[in-house]
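Novice: I have a structure I would like to understand better, so I am pasting it below and will then ask my questions one at a time.
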Amino acid sequence: MEMAKAEGSEMTLDQLPSALLATILIKLDISSVCSVASTCSAFKSCASHIFSFLPNFHLLDIAPTVDLVRPLLPPNPYLRILKVDCGRLDDSAIHLLVKPWLQELCLHNCSDFSGKLLSDIGNRCWDLRSLYLGSVAEKRGRSIHISDLEELLSGCSQLEALTLMFDVSLFLRHNFTRVWAMASEKITSLEIGYISSVTVTELLSPNLGSHQSLNPVQSCVLPNIRKLCLSVDYITDAMVGTISKGLVFLTHLDLRDAPLIEPRITFDLTNAGLQQINQHGRLKHLSLVRSQEYLVTSFRRVNDLGLLLMADKCANMESICLGGFCRVTDTGFKTILHSCSHLYKLKVSHGTQLTDLVFHDISATSLSLTHVSLRWCNLLTNHAVWSLASNKDLKILDLRDCRSLGDEGLRAIGVLARLKILLLDGSDITDMGLSFLRPRVIRSLNALSLRGCKRLTDKCISTLFDCSGQLELRELDLSNLPNLSDNGILMLARSQIRISELRMRQCPQIGDTSVMALASMLVDESQWHGSSLRLLDLYNCGGITQLSFRWLKKPYFPRLRWLGVTGCVNRDMVDALAKSRPLLHVVCHGEELGPEPYDSSDGLYMHDYGEVDEFEHWLLESDDEEMGDEGMGEPENNEPVP
């Protein structure tokens, strides 16, 4: 009888051993655990305990409040890697984030934290190997004292990689150098958000940072640095020379400046400075960029001779990025290509004298380029693209703002079957030209940007996507296309491409119909439910009215995390939307969306989004439901996005 009864009963998940469920869930990421937790009570109960065993915790897709973080980060001696967007956290969350067993800690957007974050990390995270801190104390009223930095550097004695993405120039130069002498000699990677070139020179000069300054052969602080990435006020000969001489093991050097005024010769980079690069012969990756963020300027004291002198020591270079070298001609750039036989990544921006001749005989070299970026190089034409297309292994091709690029260039690109990222902003291409990307290139692309290609119309959508087969495209930029209308977006929605990021800013003919079509878009009905979009930029689209905001509310766009709109459409509705979806970043002042803009990434800058993300649903479900014995509390739904 008991056997028959057992055979007649149905087995449910509640009858499975909790240890078995935990073994399954612990292999998933945070979003997946929360997604599974929303499916049934058994998984939901197990999820409340699983966070005590997870070795990795990544939560960078949203900026949680302290009420959300608290139940997700219980005491967990197994936790080794913690990555969190702290945009809505402050010092009150430090005790949740800073744990002694951590080996890697990555905290973004820490603007509401004070220097206490640094000191507490130094006092508690003794075994930390990698640390990333972004925007610390940038909010008014927050500050960092030099003693906080001292406790961080002296306490984290096992540190190997350190990234401080904030302005450290506020520290007194003398104390700053003294404090860095306490840093772990195990540090091999250092990145700083902003620091003055004078401070860098003093910091890395022999004897200045050492307690044993009487020793004439005393090396500089941080002697084992292999990767150095700095944003400074001015890239100077003195700084470049000090780095090249003092950092014997340096393999990766990335320097960027953004002058407020035109630099004098003593605060500038010249041919003499370039000659000092790679004195020890170990450098593999070099990036020297002068940004025009504040001033239209360039490295006016560097010409072809400087690159000729540098090329003599760069035979083993694998990656070179040069931005703002306006006096360098084809001769200088060509010398780099022919001297660096191992080069696979080439990036040049604002190369005002760079022409097609640089790449004329590139097929005769042994180069096998996989990443080429030639932004704001206005003299380049389709002939350069034909030459570059001889590199059949190209994966990333950035030709943004190359105004003379046309359909013949697309014909050349059409043979690059391994291309993953193609950026064509501002080029002179047409709908017909895009047909050259079919079928080979469009099937392999992960990201495509057509921003500002003003000759494109709705037909470009059907030209690209009216084909059979599964596409890998995840990021699409259609911004600033005056002839793109709702009809084009309707065709895009019908194509059922699993796009996660769609940018359509500054499109005057895009309106409510596009929003409704995207909200109703189904992608692979057997696996997906609703729109796959994680990012949608509608800033300054001419046809957006109050009707669109109804379709931007739940349950539409269930996976949306970033939204760009024009605040003046209806400020009250924008605020109401932000309150109703507290995990959604609503931006209404024209800022570029997303945590990682194109230019800040060294790789494919693609985000690995899970296929089913019910994270927001799991966190914000009704207050009547409980999360098992731990009693995971529910957040306040009316808390606005900062």
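The values are calculated or read from the model by the stated rules, or taken from the named source; none is laboratory data. Everything numeric here is computed off the predicted structure, so don't read it as measured data. Neighbour counts are summed over all protein chains in view; Cβ atoms, including those assigned to glycine, are modelled from backbone coordinates with ideal geometry. Just the protein is used for accessible areas: all its heavy atoms, side chains included, with ligands, DNA and RNA removed. Shrake-Rupley method; radii C 1.70, N 1.55, O 1.52, S 1.80 Å.
Novice: Could you provide, to the nearest whole Å², the per residue accessible area of the range 243-346 with probe 1.4 Å?
Specialist: On the way: 4240 Å² over 104 residues.
Roughly 41 Å² per residue, with all protein chains present.
Novice: From Cα pairs below 8 angstrom and at least 6 apart in sequence, can you work out the relative contact order of the chain, rounded to a whole percent?
Specialist: Relative contact order here is 7 percent.
Novice: Also, quick follow-up: How do W180, W101, W386, W376 rank by accessible surface area computed with a 1.4 Å probe, from largest to smallest?
Specialist: These residues rank, largest area first, as W386, W376, W101, W180.
Novice: Based on the Cβ-Cβ distance of K554 and S92, what FRET efficiency does E = 1/(1 + (r/R0)^6) give at R0 = 35 Å, to the nearest 0.05?
Specialist: Calculated transfer efficiency: 0.75.
Novice: Could you please state, rounded to a whole Å, how far the C-alpha centre of the range 445-512 is from the C-alpha centre of the range 63-136?
Specialist: 39 Å
Novice: Find how many whole Å separate the alpha carbon centroid of the range 543-593 from the alpha carbon centroid of the range 321-348.
Specialist: Cα centroid to Cα centroid, the span is 43 Å.
Novice: If you don't mind, another one. Could you tell me the largest-minus-smallest coordinate of the C-alpha atoms of the chain on each of the three principal axes, in descending order and whole angstroms?
Specialist: Sorted from largest, the Cα extents of the chain read 90, 66, 54 Å.
Novice: I've got another one for you. Report the charge-dipole magnitude of the range 272-332 in Debye, nearest 20, computed about the Cα centre from +1 at each Lys and Arg Cβ and -1 at each Asp and Glu Cβ.
Specialist: 180 debye
Novice: Now, a different point. ³J(HN,Hα) across the range 427-441 via Karplus (A = 6.51, B = -1.76, C = 1.60, θ = phi - 60°), whole Hz, x for Gly/Pro?
Specialist: Whole-Hz 3J(HN,Hα) from phi for the range 427-441: 7, 9, 8, 10, 4, 5, x, 5, 5, 5, 7, 9, x, 5, 6.
Novice: Please arrange Y234, Y78, Y344 by accessible surface area, largest first, computed with a 1.4 Å probe and ligands excluded.
Specialist: In descending accessible area the options line up as Y78, Y344, Y234.
Novice: Which value at 222 nm does the chain reach when only helices count, each DSSP H run of 4 or more adding -39,500 (n - 2.57), with the total divided by all residues and rounded to the nearest 500 deg cm²/dmol?
Specialist: -7500 deg cm²/dmol
Novice: Remind me, relative contact order of the range 226-285 in percent, using alpha carbon pairs under 8 angstrom and six or more residues apart?
Specialist: Relative CO of the range 226-285 lands at 48 percent.
Novice: Then there is this: Ignoring ligands, DNA and RNA, what percent of the 1.4 Å accessible area of the range 92-205 is carbon and sulfur?
Specialist: With neighbouring chains kept in place, the figure for the range 92-205 is 49 percent.
Novice: Classify the range 315-419: rounded, prolate or oblate, from the alpha-carbon gyration tensor (a ≥ b ≥ c, eigenvalue square roots; a/c under 1.5 rounded; otherwise prolate if a/b is larger than b/c)? Intermediate results must be reported in sequence, preceding the final value.
Specialist: On the way: a/c = 1.57, a/b = 1.07, b/c = 1.47.
Judged from the Cα gyration tensor, the range 315-419 comes out oblate (a/c at least 1.5, b/c at or above a/b).
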